[in-house]
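Asker: Once you've had a glance at the structure underneath, I'll fire off some questions.
The values are calculated or read from the model by the stated rules, or taken from the named source; none is laboratory data. Computed from a prediction, not measured in an experiment: that's the story for all the values here. Glycine gets a Cβ as well: all are built from the backbone with ideal geometry, and neighbour counts include every protein chain shown. For the accessible areas, the whole protein counts, side chains as well, though only heavy atoms, and no ligand, DNA or RNA atoms are used. Shrake-Rupley method; radii C 1.70, N 1.55, O 1.52, S 1.80 Å.
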Amino acid sequence: MIPRIDRFSRILKTREKLREEEQIRLRDQKNEEEGLLSKLSFLNTEKKTAFNRFSTVSEGSVLSTQEIWFHRQVVDVIDKRINKESDSLNSVRKMIADTETRLLEKHKDVKIMDKHIDNMVKTWNTEILLLEQQEIDDMAGIRFTLKED
């Protein structure tokens, strides 16, 4: 029984390592998500600033259409960067959801294996205690029969 318990314990350790790897992957993905969120926040602030500059420039003195177009292009470039980062954020969030699903499955596997090993240890302990009790009963029986003689 001990070799079997040891074998299952090694399997459990392997599954725990796989679960830890998924946890590390999830942590890294969440850090990436946080970075993208802060970058998007910065880009939105930058876009508002560029749009305000565009508004004040277009309302101010007479500018050439080329200057107005240039200021508008700045807003458009920032908007494209925001869209690109939003797409990246959506892809990272999908990866996070997939990783969380895998992590949940790995956690279930670990719990099932842990419970199975606990049951095996309990069964083994029960068997050992029964054998010990039988040995004690046998010794008591032998001793009792020896006293009668």
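Asker: List, please: which pairs have Cβ atoms under 9 Å, are six or more places apart or on different chains, and start with a residue in region 104-116 that is open to solvent by less than 90 Å² (accessible area, probe 1.4 Å) and end with one that is assigned to a helix (DSSP H, G or I) and of a type in the set (Val, Ile, Thr)?
Answerer: Within 9 Å, the pairs are MET113/ILE11.
Asker: What pairs can you find where one residue is in region 5-27 and over 19 Å from LYS122 (Cβ atoms), the other is hydroxyl-bearing (Ser, Thr, Tyr) and part of a helix (DSSP H, G or I), and their Cβ atoms are less than 7 Å apart, with a gap of 6+ or different chains?
Answerer: Taking only residues 6 or more apart or on different chains, the pairs are GLU22/THR99; ARG25/THR99; LEU26/THR99.
Per-residue answers, yes or no, for (1) open to solvent by 80 Å² or more (accessible area, probe 1.4 Å); (2) more than 13 Å from the chain's Cα centre (by Cα); (3) farther than 21 Å from LYS80 by Cβ:
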{"position": "SER9", "(1), (2), (3)": "no, yes, yes"}
{"position": "LEU12", "(1), (2), (3)": "no, yes, yes"}
{"position": "GLU16", "(1), (2), (3)": "no, no, yes"}
{"position": "GLN23", "(1), (2), (3)": "yes, no, yes"}
{"position": "ARG27", "(1), (2), (3)": "yes, no, yes"}
{"position": "GLY35", "(1), (2), (3)": "no, yes, no"}
{"position": "PHE42", "(1), (2), (3)": "yes, yes, no"}
{"position": "GLU46", "(1), (2), (3)": "no, yes, no"}
{"position": "ALA50", "(1), (2), (3)": "no, yes, no"}
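Asker: I'm told SER88 meets every condition in (1) surrounded by fewer than 11 Cβ atoms within 10 Å (Cβ to Cβ); (2) among the small types (Gly, Ala, Ser); (3) touching a residue at least 12 places away in the same chain (Cβ under 8 Å) except one. Can you identify the failing condition by its number?
Answerer: It fails just one condition, (1).
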